[in-house]
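Engineer: There's a structure below that I have some questions on.
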Amino acid sequence: MLEVGTKAPEFTLRDQDDQPRSLADYRGHKVILYFYPKDMTTGCTQQACEFARLYPEISQKNAVVLGVSKDSVASHKKFAQKNQLPFTLLADPNLTVLQAYDVWAEKKNYGKVTMGVVRTTYLIDENGTIIEALGKVKAAANPTQMLEILNT
């Protein structure tokens, strides 16, 4: 996981509408950058829907939400439409951003070791510096946790 106080790695990825989005596009706003394993799964849906529910309050804090997984643009589009997500999902099928943010790692599940996304959320300030880094977050609780951090 990247350290608080470091510059967030710059990136450009395609969003659910197949448009390029860069971290630099959000300068002047706080960015909740959350990494999740897979569209349409239970935990990821809970996390996304909770971010959607809290999005008006998050927006009032001059913050945006960006969700990143290795799923395709088409998968993100279906996921966003099905759950009426008001924020941007970014596709990283080549794992470049997942690796740059140190969230692509070995995971153990029932004794089996695989590579995958470790559910992680970063809060990046208006100038592109990481001001909060939370690893192995609980999907359903993470959005409320991030709003509480924004409120402090």
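The values are calculated or read from the model by the stated rules, or taken from the named source; none is laboratory data. As the structure is a computational prediction, the values presented were derived from the model and not from experiment. Cβ atoms come from the backbone with ideal geometry, glycine included; neighbour counts cover every protein chain shown. Remember, those area values only see protein heavy atoms, side chains included, never the ligands or the DNA or RNA. Shrake-Rupley method; radii C 1.70, N 1.55, O 1.52, S 1.80 Å.
Engineer: Does the stretch 19-28 contain at least one residue that is farther than 20 Å from K138 by Cα, open to solvent by less than 20 Å² (accessible area, probe 1.4 Å) and not hydroxyl-bearing (S, T, Y)?
Structural biologist: yes
Engineer: Pairs please, first residue from the stretch 46-69 and within 21 Å of F11 (Cβ to Cβ) and assigned to a helix (DSSP H, G or I), second anywhere and open to solvent by 10 Å² or more (accessible area, probe 1.4 Å) and polar (S, T, N, Q), Cβ atoms under 7 Å, 6+ apart in sequence or on different chains.
Structural biologist: A48/N83
Engineer: Could you tell me which of the residues V118, V113, V137 is in contact with a strand residue (DSSP E or B) (Cβ under 7 Å, 6 or more places away or on another chain), open to solvent by 40 Å² or more (accessible area, probe 1.4 Å) and farther than 21 Å from P56 by Cα?
Structural biologist: Matching residue, one of V118, V113, V137: V113.
Engineer: I'm checking my understanding of the structure. Among residues of the stretch 33-45 that are in contact (Cβ under 8 Å) with a residue 12 or more places away in the chain and outside any helix (DSSP H, G or I), which one is surrounded by the fewest Cβ atoms within 10 Å (Cβ to Cβ)?
Structural biologist: Taking the candidates together, the pick is M40.
Engineer: A follow-up question, please. Checking the conditions here, which among A100, A52, A63 is open to solvent by less than 10 Å² (accessible area, probe 1.4 Å) and within 15 Å of the chain's Cα centre (by Cα)?
Structural biologist: A63
Engineer: Could you tell me whether T114 is over 22 Å from P9 (Cβ atoms), in contact (Cβ under 8 Å) with a residue 40 or more places away in the chain and among the hydroxyl-bearing types (S, T, Y)?
Structural biologist: For T114, the condition - over 22 Å from P9 (Cβ atoms), in contact (Cβ under 8 Å) with a residue 40 or more places away in the chain and among the hydroxyl-bearing types (S, T, Y) - is not met.
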